[in-house]
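Trainee: The structure is given below, and queries will be raised subsequently.
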Amino acid sequence: MKSNRQLNYHFHTPEKPQSSTPIVLIHGLFGDLNNLGILGRDLQQHYPVLQIDVRNHGISPRLENMDYPDMAQDILSLLDELTISKAIIVGHSMGGKIAMTMTAIAPERIEKIVVIDMAPVAYSVHRHEHIFAALNKVTTAGVDTRQAATEIMQQDIQEEGVIPFLLKSFRQGEWKFNLPVLQNEYEKIMGWETLPAWHKPALFIRGGNSDYITEEYRAAIISQFPQATAWVVAGCGHWAHAEKPDAVLRAIYRFLATE
């Protein structure tokens, strides 16, 4: 594990990579660099892989702003420090929006992007109010064990797998993510500013049971990413990479193999 003044990261290069172009993995809201680890462990057998804690997550710096241009620039600055001139970006959810934004800020530095279950649109439905309520109850209660936190969070969160996911960021009574800022900046995280068209390969992977990418967003995807292709992973939801990693990896490898 290494860190720079912008972001905490882990960078792994295999002895004999099949490509010198690094793959950058960017997690979603409430996550950290380990969230895409199941993909990273496989990809790093063939490619250099850079896993990142985005700002206000993991042990990266705490900052007051969470808009996408700033988060994208954080990662570009890290690529500068690591002397990475070009990269392939894989992002899940909020990380997918960061990946997409990078194509507008530095289009020549991004070879391809893979966006897991996220569309380049502003979402009007607030999907996380019950999660914020649960997280704040844990903070207010002052508990310091995962068992106690689980009992509190079960009052608000019923979706399978969500509580264990969130508790990965719970350490000795503290959340590793910056809860107040995430809540204050939530409108920006769910929002979106339309990007100029980026004419390079983009793969959008959708969980078959998820509504984050629907037919109504097709025009927005194509207008901003004219070379976009889509892949549906059946039988899973928003966390497709965690629920069906083999299927997601197959889609990624197939995409990376195309010119």
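The values are calculated or read from the model by the stated rules, or taken from the named source; none is laboratory data. In this text, all values refer to a predicted model and were calculated from it rather than measured experimentally. With ideal geometry, Cβ positions are generated from the backbone for all residues, glycine too; neighbour counts draw on all protein chains shown. With ligands, DNA and RNA removed, areas are computed over all heavy atoms of the protein, side chains included. Shrake-Rupley method; radii C 1.70, N 1.55, O 1.52, S 1.80 Å.
Trainee: In what order, largest first, do D67, D117, D144 sit by accessible area if the probe radius is 1.4 Å?
Mentor: Values: D67 45, D117 0, D144 100 Å².
Most to least solvent-accessible, the answer reads D144, D67, D117.
Trainee: How large are Rg and Dmax for segment 128-176 when calculated on the C-alpha trace, in angstrom?
Mentor: Here Rg and the maximum Cα pair distance are 9.4, 24 Å.
Trainee: What does a probe at R62 reach in segment 89-133, counting residues whose amide N is under 20 Å from the point 7 Å along Cα→Cβ?
Mentor: Once the point is set 7 Å along Cα→Cβ of R62, 132-133 turn out to lie under 20 Å by backbone N, inside segment 89-133.
Trainee: How many percent of the accessible area of segment 128-176 is carbon or sulfur, using a 1.4 Å probe?
Mentor: Reported share for carbon and sulfur atoms: 46 percent.
Trainee: For N8, which sequence-distant residues (separation of 5 or more, or a different chain) have an amide H within less than 5 Å of its own amide H, given hydrogens modelled in the peptide plane?
Mentor: D53, S60
Trainee: Share of Cα-Cα pairs in segment 121-237 beyond 21 Å, in percent?
Mentor: Counting pairs separated by more than 21 Å, the tail of P(r) holds 53 percent.
Trainee: Still on this model: PRE reach from R41 (point 7 Å along Cα→Cβ): which of segment 74-90 fall under 20 Å by backbone N?
Mentor: Label zone hits: 90.
Trainee: Apply the Debye scattering formula to the chain, with a single equal point scatterer on each alpha-carbon and no solvent, then give log10 I(q)/I(0) at q = 0.08, 0.10 Å⁻¹.
Mentor: -0.29, -0.47
Trainee: Please work out the FRET efficiency for the pair E159 and K188, using the Cβ-Cβ distance as r and a Förster radius of 22 Å; give the result to the nearest 0.05.
Mentor: Computed FRET efficiency for E159 and K188 comes out at 0.40.
Trainee: Something else now. Between K176, K137, K112, find the one with the highest GNM mean-square fluctuation for the chain; connect C-alpha pairs within less than 10 Å.
Mentor: Of K176, K137, K112, the most mobile in the Gaussian network model is K137.
Trainee: I want to check a number: in the chain, how many lysine pairs have alpha carbons closer than 12 Å, given a sequence separation of 8 or more or different chains?
Mentor: Here the count comes out as 4.
Trainee: So how do 42-53, 77-88, 9-20 stack up, highest first, on mean other-Cβ count within 10 Å?
Mentor: Final packing ranking: 42-53, 77-88, 9-20.
Trainee: Could I ask something else about it? If the only charges are +1 at each Lys and Arg Cβ and -1 at each Asp and Glu Cβ, what is the size of the charge dipole of segment 1-112 around the Cα centre, to the nearest 20 debye?
Mentor: Here segment 1-112 has a charge dipole of around 180 debye.
Trainee: Now for a different question. Run the numbers for N34 and N136: contour at 0.36 nm per residue of separation, minus the present Cα-Cα distance, in nm.
Mentor: 34.4 nm
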